[in-house]
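Enquirer: This is the structure I want to talk about, given as structure tokens.
The values are calculated or read from the model by the stated rules, or taken from the named source; none is laboratory data. Fair warning: this is a prediction, and the values are worked out from it, not measured in the lab. Every residue, glycine among them, receives a Cβ derived from its backbone with ideal geometry; neighbour counts consider all protein chains shown.
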Amino acid sequence: MAGSGVLSFSRLCDRVLQETGGAARPYLSERGAVMAVSMLLLRHREEFATFGGYVNSPSFAALLYQQLCELRRFSIGPEELREMDSPRVRDVALMLEAYQKDILSRYTDVVGRMEMMVERIPEAPMLRGSHVFIDGFEMVTDQLLRAVGAIMGTAEEVAVTFRLGQENDRDFPIFETELSHYKRIEKLALSAGKRLHPVPLYGKEAAFRQRSPMLRHLEAELFSLPYNVYRGPYDGSVLIREAAHGREEAAAAARYIAYLVREEGLRYRDIFVQLCDPGLSGLLREEFEAHGIPCFLDEKRPVMLKTVCRFGLALLKCAVSGMARDDVLALLKTGMFPVSEEEAAFVQNYMVERGLRYLSARAAAQEEDPGARRLLERVHRPLSRLRAELRGNAAAMARAFYAAMAEYEEGIAAFLGGLVTEDPEAADEEKLAYEALMGILTQMDAMMGEALLTPGEFYQTVRAGLLAEEIAVLPPTADCVSVGDMDRSRAASVECLLVLGANDGCLPRTPRPSSILPQREVERMEAAGLWLGNDAQLRMAEEEWTVYGAFSKPKGRLYLSYSALDGRGTPRGRSPVVSDLLRLFPELRVYPAQAYGNARGYAVTAQSGAAAARTAAGAYGRGEAVDGSFGALYRVCRDRMGWEEPDLHRLDHLDEGLAEELFLPKGAVSATRMERYARCPFSHFVESGLRPQEIREPGVAPRDRGDILHEALEKVVALRKGDWTLGREEIQKLALEVVEKIFAQRKAAPGPRDGYQKKALGEAAQEAFLALFAQLRDSGFQPVGVEDFFREGALIQLPGRRPVRVMGKIDRVDLATVHGRRYVRVVDYKSGKASYDLEAIREGTDLQLPIYAAAAQEATGAQVAGMFLMPVGRGDKHRLDGVALGEDDVVNAMDPALMTQNKSEILPIQRNRDGSFSKRSGVGSQESLEEILNLARTRTGELVEAMLEGDCQARPNRRANPCRFCAYGGICRRRGGEREEGRFYETDD
């Protein structure tokens, strides 16, 4: 075997063309070909029947190029495609013809080079009289068959290996794809007049006998029908785990590998991880880093995600869009534009606060502050210059963009230099990405030349080229865990194989046809004699063969895991292979991935122990059962690694004087703030103590919906002055007029969603106005001035302190006189999901309604007749929700319809047949209403007392679950659990 060469078909192509002189023809790389396809899509956009909506999509250009290559590999031309009665297939034919005529007439690509190799194989000295061994095929195309035929006609001997079973084998169906390949090669050889010498290789079982009994049984029976159940002892060589989600699955795999290395003595290179779900690769990389596990992810990484490419695209996008605000901010945030972080933040605030959608020379010149004006001009000037230079043909634009990028070489070099010391591997990838971007511009200059493009088309073409470019990386060290997917990585025999993402549709993978030509179109083409490779049945057999090949690799252990939920929380099924394994091995069990047993199994290395301690602490904080030994592990990590406790990053207590100064500067506090304090003291501290200011864009945002509806209802109450006699159409017209006025007052700059927002708010206001008029048209309760009745607030007496007034704004106060006695009713409008909840009043998380009722009672001297929430918003049921005084005259005054019918359409009240109130009715006695008001006063006093004592712990109310939508989670670092993560070290066993 000395002097033998080992070549792939692509490398063989290079060698043949070098020997025969064909390599001198201009070659178009994949990125160049994708850019060419993108340009052709733009050029022929008016001729497409179905592709018109995709001409600006770089990803579609890449998919279409792959489809064109596949058609050419199977020797299918435009003429054959046009005979198909399908608009989509005809669009493909149009692009194939254009690509062959406009691009392949001047260049060659990967398929064209292979075609040239087929033609020149008879002239290649290296193959003349040689002995060629071909180790199987993944896919047999028409082009590959012709290449093998040419080799057979040139070489002295050709040996081809196939992985075939025997026809009487119970698992013979999984070899169906290989059998189809064998038959095509056999037919090719016979047609060329070659003699065949089949050499079966059976009985080589040395490697098979080295495996554990369970793994030997698995290889023999997994795809056998019927299968034999394993009757031997369970030796632990097959392990299955179920995780809640991908993060937990990756963490469990990292812990298992760390355990194998420390406890079982394996080397990292003895372990291979195969990913059935590519989405796990990022999570696995993070977990391996946290556990100190060296790994090599056998994957090509897209350059589009690299910082230098994001900077280049952002720079170009700014020039193309006329310096649109979002594009400018994206450019500044890359860190490569010559401005500091503070200057970038200033530009962002400047444009947002002034409602500037574009950064213009005029806006910069009108700035009065000289420093701000210079900064804006420094940002605007180079972008404006590049925008002016993006004119003419593709070559001119490529040169202009190349020159613009060259102006920032110093900043790019500084970025790469800093990255070398922090992450050398990432720095190498960034350098390759920068070279790829510059190479794309060079190739555009040479390839497209005089082609006329708009700046937008030029941007799309560059983006398409970057999308097609990927970076291949090498293993960082010889002793590392290799990670790959089922398709790309073909692991050799290993001691341990971990298969992650073993979910339904991933193992075996469901064959997915090309997104350019749907499966039904492919089947129609095959029926017409246009063969495009294996059909669906053969592709499924090929996927099962891939699983069989993977499961036959481990000699000692096979580990499978799957997730019960995907990244969005949607349930996922486990792979049928898992069910097959459980049937094969009756003693096999599925174990939870996050099993907090003894900490010893997790503390394999310092990194894995620290990661396990942190993870277990988080689980403890969420209320999960965790073994006490993890508390000891947490203490060791804290003491030896210098951890700071998580709760030290939060302020839990304030001095009383500071608390009063922050929260009670004028001896008053709002009811809304007290509810926030009851939900979580720390959230209240951030909101009302630190008082962060959100940058709000001018105009009406979707979250302003509730405020606008509140204001509209308030305005109509003041406008009508007790006159509720309008008809339905008049009410709806009035609602639109009021919303139009409010909308106009709030708008400072029009936005793209204004039309939709105004329409939606108008429709919601119409529904709310109709409900309001229905409540008040015949009612004895009529609105009075809101501001006048809550100016002083509700007085709360605190023990040992001066009284505190709880302030707020009541949405509506209604008064009535019934039999000479005055009654007051309060109504609070709610645009979100809310309901009257006595338990929430007890806990202090819903105090506004009773506090407002108490304040109205103090201000008017009237008896409380009811307190209600009124839901507002399109599609809501506007029936009031709350509690009313259960006296017939008072209830009838609120809704006179109850005098003639048993159920109210506007109140939560229903009568029984005998006239009494049903149990479902929201009514109560005068004493019970007073108890509710006193309960609210007492709870408010307790909350104010705790607040003034300085308590600001992160203590979320479990029932209210405020952590779910809290904006301050990044500051708090708590996940809404029952217990403090930082106190986990106290759980010693």
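Enquirer: With out of contact with any Ser or Thr (no Cβ under 9 Å at 6 or more places or on another chain) and assigned to a loop (DSSP other than H, G, I, E, B) as the only criterion, which of ARG391, ARG362, ARG378 stands out? I'd like the intermediate steps shown before the answer.
Expert: Details: ARG362 fails: assigned to a loop (DSSP other than H, G, I, E, B); ARG378 fails: assigned to a loop (DSSP other than H, G, I, E, B).
Result: ARG391 is the single residue among ARG391, ARG362, ARG378 that is out of contact with any Ser or Thr (no Cβ under 9 Å at 6 or more places or on another chain) and assigned to a loop (DSSP other than H, G, I, E, B).
Enquirer: Can I ask one more? Could you tell me whether any residue of the range 801-808 is modelled with pLDDT of 80 or more and over 28 Å from PHE663 (Cα atoms)?
Expert: No: zero hits.
Enquirer: Moving on. Working only within the range 478-492, note down all residues that are part of a loop (DSSP other than H, G, I, E, B), out of contact with any Phe, Trp or Tyr (no Cβ under 8 Å at 6 or more places or on another chain) and modelled with pLDDT of 75 or more.
Expert: Answer for the range 478-492, where residues must be part of a loop (DSSP other than H, G, I, E, B), out of contact with any Phe, Trp or Tyr (no Cβ under 8 Å at 6 or more places or on another chain) and modelled with pLDDT of 75 or more: just ALA478.
For every residue, the table says whether it meets (1) modelled with pLDDT of 90 or more; (2) basic (Lys, Arg); (3) more than 26 Å from THR461 (Cα to Cα).
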residue: ALA361; (1), (2), (3): no, no, yes
residue: ARG385; (1), (2), (3): yes, yes, no
residue: ASN393; (1), (2), (3): no, no, no
residue: GLY417; (1), (2), (3): no, no, yes
residue: VAL420; (1), (2), (3): no, no, yes
residue: GLY439; (1), (2), (3): no, no, no
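Enquirer: How many residues are touching a residue at least 24 places away in the same chain (Cβ under 8 Å) and not in a helix (DSSP H, G or I) if we restrict to the range 315-338?
Expert: 8
Enquirer: I need the full set of residues from the range 108-144 which are more than 24 Å from GLY77 (Cβ to Cβ) and outside any loop (DSSP other than H, G, I, E, B), in order please.
Expert: PRO122, GLU123, HIS131, VAL132, PHE133, ILE134
Enquirer: Between residues in the range 339-358 that are assigned by TED's automatic domain parsing to the domain that holds LEU315 and modelled with pLDDT of 90 or more and residues that are assigned to a loop (DSSP other than H, G, I, E, B) and of a type outside the set (S, T, N, Q), which pairs lie under 6 Å by C-beta distance while being six or more apart or on different chains?
Expert: Filtered contacts from the range 339-358: TYR358/GLY322; TYR358/MET323.
Enquirer: A follow-up question, please. Pick out the one residue from ALA319, ALA314 that is in contact with a Pro (Cβ under 9 Å, 6 or more places away or on another chain), among the hydrophobic types (A, V, I, L, M, F, W, C) and farther than 16 Å from ALA414 by Cα. Steps first, answer last, please.
Expert: Values: ALA314 fails: in contact with a Pro (Cβ under 9 Å, 6 or more places away or on another chain).
Unique residue meeting the criteria: ALA319.
Enquirer: Residue by residue through the range 551-562, note down the ones that are buried (at least 21 other Cβ atoms within 10 Å of the Cβ) and out of contact with any Lys or Arg (no Cβ under 6 Å at 6 or more places or on another chain). Spell out the reasoning first.
Expert: To start, the set of residues in the range 551-562 that are buried (at least 21 other Cβ atoms within 10 Å of the Cβ) comprises 551, 554, 557-562.
Scanning the range 551-562 gives PHE551, PRO554, ARG557, LEU558, TYR559, LEU560.
Enquirer: May I ask you to verify whether GLU115 is in contact (Cβ under 8 Å) with a residue 60 or more places away in the chain and out of contact with any helix residue (DSSP H, G or I) (no Cβ under 6 Å at 6 or more places or on another chain)? Explain how you work it out, then say what you get.
Expert: Values: in contact (Cβ under 8 Å) with a residue 60 or more places away in the chain: no; out of contact with any helix residue (DSSP H, G or I) (no Cβ under 6 Å at 6 or more places or on another chain): yes.
So GLU115 fails the test.
Enquirer: So, of the residues in the range 948-964 that are closer than 17 Å to ASP846 by Cα and hydrophobic (A, V, I, L, M, F, W, C), which turns out to be nearest to the chain's Cα centre (by Cα)?
Expert: Here the answer is CYS963.
Enquirer: Counting only residues that are assigned to a helix (DSSP H, G or I) and touching a residue at least 40 places away in the same chain (Cβ under 8 Å), which one in the range 726-743 is surrounded by the fewest Cβ atoms within 10 Å (Cβ to Cβ)?
Expert: So the first thing to find is which residues in the range 726-743 are assigned to a helix (DSSP H, G or I), and the list is 728-743.
Cutting the leftovers down to touching a residue at least 40 places away in the same chain (Cβ under 8 Å) gives us 728, 731, 743.
Values: ARG728: 11, ILE731: 19, PHE743: 19.
Among residues in the range 726-743 that are assigned to a helix (DSSP H, G or I) and touching a residue at least 40 places away in the same chain (Cβ under 8 Å), the one surrounded by the fewest Cβ atoms within 10 Å (Cβ to Cβ) is ARG728.
Enquirer: For the range 941-989, enumerate the residues that are closer than 30 Å to MET807 by Cβ and modelled with pLDDT under 50.
Expert: GLY976
Enquirer: Give the residues of the range 745-798 that are of a type in the set (Asp, Glu) and either touching a strand residue (DSSP E or B) at 6+ places or on another chain (Cβ under 8 Å) or at pLDDT 70 or above (or both), sorted by residue number. Spell out the reasoning first.
Expert: Our first condition is that a residue be of a type in the set (Asp, Glu); within the range 745-798, this holds for 754, 763, 767, 778, 787-788, 792.
Result: GLU763, GLU767, ASP778, GLU792.
Enquirer: Based on what the data block shows, is VAL199 of a type outside the set (D, E, K, R), within 30 Å of ARG45 (Cα to Cα), out of contact with any Lys or Arg (no Cβ under 9 Å at 6 or more places or on another chain) and surrounded by fewer than 18 Cβ atoms within 10 Å (Cβ to Cβ)? Steps first, please.
Expert: Details: of a type outside the set (D, E, K, R): yes; within 30 Å of ARG45 (Cα to Cα): no; out of contact with any Lys or Arg (no Cβ under 9 Å at 6 or more places or on another chain): yes; surrounded by fewer than 18 Cβ atoms within 10 Å (Cβ to Cβ): yes.
Spelling it out, it is not the case that VAL199 is of a type outside the set (D, E, K, R), within 30 Å of ARG45 (Cα to Cα), out of contact with any Lys or Arg (no Cβ under 9 Å at 6 or more places or on another chain) and surrounded by fewer than 18 Cβ atoms within 10 Å (Cβ to Cβ).
Enquirer: Then there is this: So in the range 229-269, with the set limited to residues that are farther than 30 Å from GLU286 by Cα and in contact with a Leu (Cβ under 8 Å, 6 or more places away or on another chain), which one is surrounded by the most Cβ atoms within 10 Å (Cβ to Cβ)?
Expert: Narrowing the range 229-269 to residues farther than 30 Å from GLU286 by Cα: 229-235.
Subset that is in contact with a Leu (Cβ under 8 Å, 6 or more places away or on another chain): 229-230, 234.
Details: VAL229: 10, TYR230: 21, TYR234: 14.
It comes out as TYR230.
Condition check ((1) aromatic (Phe, Trp, Tyr); (2) assigned to a helix (DSSP H, G or I); (3) modelled with pLDDT of 85 or more) across all residues:
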site: GLY609; (1), (2), (3): no, yes, no
site: LEU658; (1), (2), (3): no, yes, yes
site: LYS666; (1), (2), (3): no, no, no
site: TYR677; (1), (2), (3): yes, yes, yes
site: GLU687; (1), (2), (3): no, yes, yes
site: ARG696; (1), (2), (3): no, no, no
site: ALA718; (1), (2), (3): no, yes, yes
site: TRP724; (1), (2), (3): yes, no, yes
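Enquirer: Would you point out which residue out of GLY922, GLY882, GLY844 is under 25 Å from ALA712 (Cα atoms), in the same structural domain as ARG959 (by TED's automatic domain parsing) and within 48 Å of the chain's Cα centre (by Cα)? Working first, answer last.
Expert: Details: GLY922 fails: under 25 Å from ALA712 (Cα atoms); GLY844 fails: under 25 Å from ALA712 (Cα atoms).
On inspection, the qualifying residue turns out to be GLY882.
Enquirer: Taking the range 842-852 only, how many residues are buried (at least 22 other Cβ atoms within 10 Å of the Cβ) and closer than 22 Å to ARG920 by Cβ?
Expert: 3
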